[in-house]
Amino acid sequence: MNARIGNGGFARSFQIQVRVIWALLLREILTRYGRHNIGFLWLFVEPMLFTLGITALWTIAGLHHGSDLPITAFALTGYSTVLLWRNMPNRCVGSVLPNSALFYHRNVRIIDVFLSRIALEAIGATMSFVALAALFIYLEWMGPPEDALKVLQGWVLTAWFGAAFAMFLGALSEKSEIVEKLWHPTAYLLFPLSGAAYLVDALPKDFQDAVLWLPMVHGTEMVREGYFGSKIVAHYDIMYLVTCNMVLTLFALALERIVSRDFIPE
Amino acid sequence: MIELRDIRKTYHARSGPVDVLKGINLRVEKGEKIGIVGRNGAGKSTLIRLIGGIERPTSGTISQSMQISWPLAFTGAFQGTLTGIDNVRFICRIYGKPYEEVIDFVEDFSQLGRFLREPVKIYSSGMRARLAFAVSLMIDFDCYLIDEVVAVGDERFQQRSHHELFEVRRDRAIILVSHDANYMRLHCERAAVLDAGVLKQFETVDGAVHYHSEMMMS
């Protein structure tokens, strides 16, 4: 098969892809949030409201999470990380068919739709996390992170996981409608298991071994270790998370390739 | 230049595989105008969609050094909740065309007036088609794909479309699919007949049309 535009090399293809993703991103913002009231600010106000709600709930309920960490910081680091890996698949599952007409533009490919949506969710979740952290630190509800670089590392690896997961499920949902049906309950059930609402260290040993099979638990623990540092004992394995991400990315790209080849726009 | 080499396309229908195209070879040079005729279901639209990059062939290669349009006046590619202007902006971004350069043309050509700033979903089908035509012309394609005769809008609009496409852009290549022999004679230099997934090429449009009508008789 030939490249997108005749004799263009990699640089040209890359340029086109960036252009297309940018166009799709702006289009998505416009169709989702419009120009009414606060417009594209919803992009991160929406996840902020979620996080604030969870933070408030957990504070009131005095959630027993097995440590003496400030509940605000605990909720913020946990729930923001959930939003990061969960919203990407939410947006990619079933995203191909409604955008079918876009593929009449030869440079627009299924992967571009996925990547633009993934980028948008990553931006939204990150801005929400940063803005709320800044606000809470300012209000002195929590201290600044002990090791911001480690937080970033955990965040980026979680985003990578979310992106690969999103592309994989997005492509798979084109193959079978069951994926869309099953994804929502799965995402719902994964939330309490994902490490957002507990520290792995506080769990019984058998339970620890079980939850550490979930890649996102490693990301959440990494973010928490970066944030609380010496105050907690984090359990994670970077190599395990990276390996999961790489395998998932490989499968996601392969599946996208297959779906993209067979897809017939209306 | 566009070159199709041994293009095959198989669809997997419920009742089993359907071979729509069985080894198509075609070469279109810069500025050439080629017509394609064939009975209903012969695979003309499939061929156009493959050349337009909307679908991928099952096997074979398509190489091109020209920018090829989507099937002309295709109206489906608009987002209904966005305004005409926003849709134009989006397509400009995809093709890397500065919006300021084209908006005057689109406004003038589509004759949509203030409706250009309204959501496309409230447009009538005629308005949609006019916008689609304007958008197809605002990007500089080297080759235009036309699936069926472009009969959009009133007589005046048709004259303008004709002028823009066949006079202003007479140096561009065109691949035209049509049942209308006269239209094809008027606009194409040569033609090909698509029958049972095989493309038979003729030096002249008349040759192809003649072959096609004999085939239809038998």
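Taken together, the values in this text are just the output of simple stated rules run on the coordinates, not laboratory data. Worth saying up front: this structure is predicted, and the values here are computed from it rather than measured. We place every Cβ from the backbone using ideal geometry, glycine too, and count neighbours over all the protein chains shown.
When the GluC sites (Glu not before Pro) in the range B:134-207 are filtered for DSSP coil states and for at most 13 other beta-carbon atoms within 10 Å of their beta-carbon, the remaining sites are B:Glu189, B:Glu203. Taking the Cα centroid of the range A:166-240 and of the range B:188-218, what is the distance between the two, rounded to the nearest whole Å? Going from one Cα centre to the other spans 62 Å. Taking a straight Cα-Cα cut-off under 18 Å and skipping sequence neighbours fewer than 8 places away in the same chain, the aspartates and glutamates within cross-link reach of A:Lys205 are A:Glu221, A:Asp237.
When the trypsin sites (Lys or Arg not before Pro) in the range B:1-64 are filtered for DSSP coil states and for at most 12 other beta-carbon atoms within 10 Å of their beta-carbon, the remaining sites are B:Arg14.
Neighbouring Cβ atoms within 10 Å as the yardstick, rank A:His105, A:His235, B:His210 fewest first.
B:His210, A:His235, A:His105
Taking each of A:Lys175/B:Lys121; B:Lys30/B:Lys121; A:Lys181/B:Lys44 in turn, the alpha-carbon distance tops 32 angstrom for B:Lys30/B:Lys121; A:Lys181/B:Lys44. Considering only the other residues whose Cβ falls under 10 Å of the Cβ of A:Ala166, what net charge follows from Lys and Arg at +1 and Asp and Glu at -1? Here the count lands on +2. Where does helix A:178-193 land angle-wise versus the long Cα axis of chain A, in degrees 0 to 90, nearest 10? Approximately 20 degrees, to the nearest ten.
Angle of helix A:71-92 to the longest C-alpha principal axis of chain A, folded into 0 to 90 degrees and rounded to 10: 20°.
Within the protein assembly as shown, DSSP assigns beta bridges of which about 60% are antiparallel (rounded to the nearest 5). Charged neighbours of A:Met127, selected by a Cβ distance under 13 Å, balance to -2 (K, R count +1; D, E count -1). Here the protein assembly as shown has an Rg and Dmax of 27.3, 89 Å, counting Cα atoms alone.
How much mean residue ellipticity at 222 nm does the protein assembly as shown get from its helices, if each DSSP H run of length 4 or more adds -39500 (n - 2.57) and you divide by all residues, to the nearest 500 deg cm²/dmol?
-18000 deg cm²/dmol
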